[in-house]
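Chemist: Just passing along the structure, written as structure tokens.
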Amino acid sequence: MATIPSDSPSARLFALTKSCPVPLPAGVVPVPYQLCAPDFWPGGLGHDPSAAFPRGGVMCLGHNYGIPSDWEDTRRNGAAILRSNTTCRVTLEVFARCGVPHPELFLTNFFSHMMDAKTPIGRFCGAGHSDYEMWTRAVLVAQIEVMRPRAVFILGLHVPPMLAPLAPDFRPWDRHRTMSALDTSGTAFVPRVTFGGDGWSHSSSVAVITHPSKRHLNVGHRRYKGLVGDAAEVAMIRDALDASGEVKP
């Protein structure tokens, strides 16, 4: 497998995962090293290795990378992970339908470590540990600072409540914990939210979409602008893509 250049934006972000200032919660383990594969960050590069880092592209934000055996699968399979891993495959398929090719996507995760568990399904072991979550949000903000995405799409329902402290427009996500509640309240799609830090700010659209791993089972419940199911979610994605962000110095 090819080596990731040390000055790669993805590699610089991965370096942050090695300097967590708080103890890792029980059951949380670091990724051994980053693979030069198109799998989700931090285990993989997070983007097409044959293309430049997708600054100004589209961020797809998952929950967590998974468990050590997931990393081993990517180490063995390399680029083939895009076909063998359902989340990767369906994510690329959905966004291709919406006019976003793979080189414009950054596939990443809220949590920067893995679970030492037999299954990646369910609540991440580090969730609910306030200091660790605060650091994790800071790593996400660092990703946004580097990438300056035109749109951010949150995959599934685990992550939205943990983003509530980042912006007033996200606060409803702390109480609306189902897709039906998000759709009914009209809070699944935020046309414009501003992230920022010391000397920088960036505005982007943000939307919560069905997790790709179970999309075939759950997308039928989506509601948006009088549309139902896949048509509703695709319309929301396209509206978020049209609500372009703005880079500020």
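Chemist: Condition (residue is aliphatic (A, V, I, L, M), open to solvent by less than 30 Å² (accessible area, probe 1.4 Å) and part of a loop (DSSP other than H, G, I, E, B)) applied to region 15-33: is it met by at least one residue?
Modeler: Yes, there is a match, as at least one residue in region 15-33 is aliphatic (A, V, I, L, M), open to solvent by less than 30 Å² (accessible area, probe 1.4 Å) and part of a loop (DSSP other than H, G, I, E, B).
Chemist: Can you find a residue that is open to solvent by 30 Å² or more (accessible area, probe 1.4 Å), without any contact (Cβ under 8 Å) to a residue 40 or more places away in the chain and of a type outside the set (S, T, N, Q) anywhere in region 60-75?
Modeler: yes
Chemist: Against the definition (more than 19 Å from Gly196 (Cβ to Cβ), in a loop (DSSP other than H, G, I, E, B) and at pLDDT 95 or above), how does Leu157 come out, yes or no?
Modeler: For Leu157, the condition - more than 19 Å from Gly196 (Cβ to Cβ), in a loop (DSSP other than H, G, I, E, B) and at pLDDT 95 or above - is met.
Chemist: Identify, please: which residue in region 131-170 is small (Gly, Ala, Ser) and within 20 Å of Pro30 (Cβ to Cβ) and is, among those, surrounded by the most Cβ atoms within 10 Å (Cβ to Cβ)? Full working, then the answer.
Modeler: Filtering region 131-170 down to residues small (Gly, Ala, Ser) leaves 138, 142, 151, 156, 164, 167.
Filter once more, keeping what is within 20 Å of Pro30 (Cβ to Cβ): 138, 142.
Working: Ala138: 12, Ala142: 14.
For region 131-170, the residue satisfying everything is Ala142.
Chemist: Next up: Please tell me if Gly122 is at pLDDT below 95, surrounded by 14 or more Cβ atoms within 10 Å (Cβ to Cβ) and either in contact with a Pro (Cβ under 9 Å, 6 or more places away or on another chain) or on the phi > 0 side of the Ramachandran plot (or both).
Modeler: Against the criterion (at pLDDT below 95, surrounded by 14 or more Cβ atoms within 10 Å (Cβ to Cβ) and either in contact with a Pro (Cβ under 9 Å, 6 or more places away or on another chain) or on the phi > 0 side of the Ramachandran plot (or both)), Gly122 does not qualify.
Chemist: Still on this structure, please answer the following. Select from region 210-246 the residues that are in a loop (DSSP other than H, G, I, E, B) and at pLDDT below 95 and write down the one among them that is most open to solvent (accessible area, probe 1.4 Å).
Modeler: Ser244
Chemist: So, one more: Pairs under 7 Å by beta carbon, first residue closer than 16 Å to Trp41 by Cα in region 144-162, partner polar (S, T, N, Q), six or more apart or different chains?
Modeler: Qualifying pairs under 7 Å: Pro149/Ser204; Val152/Ser204.
The values are calculated or read from the model by the stated rules, or taken from the named source; none is laboratory data. From a predicted model like this one, the values you see are computed outputs, not experimental measurements. Methodologically, a virtual Cβ is constructed for each residue, glycine included, from the backbone with ideal geometry; neighbour enumeration extends over all protein chains shown. SASA here: full protein model, heavy atoms, side chains in, ligands and nucleic acids out. Shrake-Rupley method; radii C 1.70, N 1.55, O 1.52, S 1.80 Å.
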